[in-house]
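Written below as structure tokens is the structure these notes are about.
The values are calculated or read from the model by the stated rules, or taken from the named source; none is laboratory data. Bear in mind that the values here come from a model prediction, so they are computed numbers and not experimental data. Note: ideal-geometry Cβ built from the backbone for every residue, glycine included; neighbour counts use all protein chains shown.
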């Protein structure tokens with residue numbers, strides 16, 4: 001395991017302005033593509049941009065600087081959201097009007113977060129990332145059961161067809177201010193760390209706003225693209241986007257998201273959740289180390 | 001007057017989309033009880049026969065999705081189209097850029113091209129121009145999706161959502177302008 005890590009670190013030396021051969025470079029591009037393919041698939045199934053997996057994988061085993069990783073991640077977060085969003089919208093599962101309302105808060109948060117990310121020390125970003133990972137692990141345990149009761153409320157009522165039962169589910173929205181608050185926070189974290197922020201919105205949308213879990217995931221995923229684009233324009237103008245990392249990552253995530261969004265509606269969320277949580281615990285420890293070491 | 005379940009659906013839908021609109025046209029000279037009735041069998045024999053005579057497809061007319069659902073589908077269709085086209089275009093550009101890089105036998109550029117550099121570089125057949133444009137199209141896709149939604153809401157005369165969506169667009173514009181700083 002250690003030698004594999006050392007090997008990868010050797011290969012990715014070019015990102016840190018060291019010498020490399022074209023062969024090394026091609027291997028890294030392929031590795032980045034494969035990692036992104038996996039992350040994209042898993043991410044779109046869970047309604048999460050995949051950034052919480054991608055950034056620790058890029059900064060840890062591949063030793064890519066965190067700001068470069070954030071830039072690559074935000075691009076692939078947009079790709080995931082657009083790809084999965086297109087599929088979900090096609091199925092009518094995203095609540096388009098609600099997403100517009102909540103996007104006011106997410107874009108404002110992303111704007112503030114993006115500006116902060118540009119100014120802040122990279123070690124702080126690692127530390128905040130570890131903190132967010134801890135919250136994500138905790139909040140996944142509070143995730144609601146698959147089939148909690150939903151009902152029309154007279155506020156933004158809509159319906160979709162459940163992919164498992166084929167039945168029409170009608171529901172409305174409660175506690176819109178809480179949803180707006182969560183959306184601002186999610187947008188802020190998204191802009192700061194280059195992740196999607198779905199993990200912050202989805203529990204609130206489902207538990208507090210009373211949306212069905214699948215609709216909350218689809219709607220959140222749909223909003224993430226607009227949120228991420230808001231901070232991506234800041235990253236672009238500040239040189240966070242390294243094509244050598246961002247391009248293979250974006251292409252891989254796009255491929256993975258295409259696959260993930262198609263199988264995602266049919267897989268039970270429980271098993272996915274457990275796999276995901278296990279990975280996140282490892283990554284949280286890793287990010288704490290990176291914050292201390294300054295990698 | 002018997003209220004059938006599809007009619008309740010209509011009312012809930014009306015509450016969601018503000019502008020009032022007519023339900024599918026029903027022949028106005030029908031007796032009141034027939035207009036509200038879902039299954040013609042429940043009405044008096046004389047009225048029932050009249051339903052068949054005047055509007056044989058009344059059940060279908062009452063149960064077709066109302067315009068609220070129709071608008072939701074229209075909006076979704078626009079959003080769907082923008083997302084798919086944006087993704088296809090950016091993927092094509094990125095793959096073309098990578099392919100050009102491989103043909104020229106060199107590594108990808110370290111940094112993205114500045115906005116003013118993108119088109120000159122594409123004209124000069126430089127991979128960095130294609131790669132940057134691919135990334136920019138990807139980033140622009142959600143922004144275009146927001147603009148498409150504004151247009152869809154204007155077309156529907158849903159002014160409240162025109163305002164809401166324009167506000168989202170405004171925040172993105174501010175980010176583009178101030179992000180340079």
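Screening residue B:105 with (1) at the interface with another protein chain (Cβ under 9 Å from one of its Cβ atoms); (2) under 32 Å from the mean Cα position of the chain (by Cα) gives one miss only, at (2).
The set of residues in region B:137-154 that are more than 7 Å from chain A (Cβ to nearest Cβ) and without any contact (Cβ under 8 Å) to a residue 24 or more places away in the chain comprises B:147, B:150, B:154. In region A:20-65, of all residues being at pLDDT 70 or above and assigned to a loop (DSSP other than H, G, I, E, B), the one that is nearest to residue A:216 (Cα to Cα) corresponds to A:50.
Against the numbered list (1) closer than 27 Å to residue A:245 by Cβ; (2) part of a helix (DSSP H, G or I); (3) within 9 Å of another protein chain (Cβ to nearest Cβ), residue B:111 comes up short only at (2). Out of all the residues in region B:124-164, which are farther than 20 Å from residue B:77 by Cα and either surrounded by fewer than 17 Cβ atoms within 10 Å (Cβ to Cβ) or in contact with a strand residue (DSSP E or B) (Cβ under 7 Å, 6 or more places away or on another chain) (or both)? Answer for region B:124-164, where residues must be farther than 20 Å from residue B:77 by Cα and either surrounded by fewer than 17 Cβ atoms within 10 Å (Cβ to Cβ) or in contact with a strand residue (DSSP E or B) (Cβ under 7 Å, 6 or more places away or on another chain) (or both): B:124, B:125, B:160, B:163.
The residue of region B:165-181 that is farthest from the chain's Cα centre (by Cα), among those that are within 7 Å of another protein chain (Cβ to nearest Cβ) and either surrounded by fewer than 19 Cβ atoms within 10 Å (Cβ to Cβ) or modelled with pLDDT under 90 (or both), is B:180. On the given criteria, is residue B:125 more than 9 Å from chain A (Cβ to nearest Cβ), in a loop (DSSP other than H, G, I, E, B) and under 30 Å from residue A:25 (Cβ atoms)? In short, yes. Taking the conditions exactly as written (within 19 Å of residue A:52 (Cβ to Cβ), within 14 Å of chain B (Cβ to nearest Cβ) and surrounded by 22 or more Cβ atoms within 10 Å (Cβ to Cβ)), does residue A:206 satisfy them or not? Judged against the criteria, residue A:206 is not a match.
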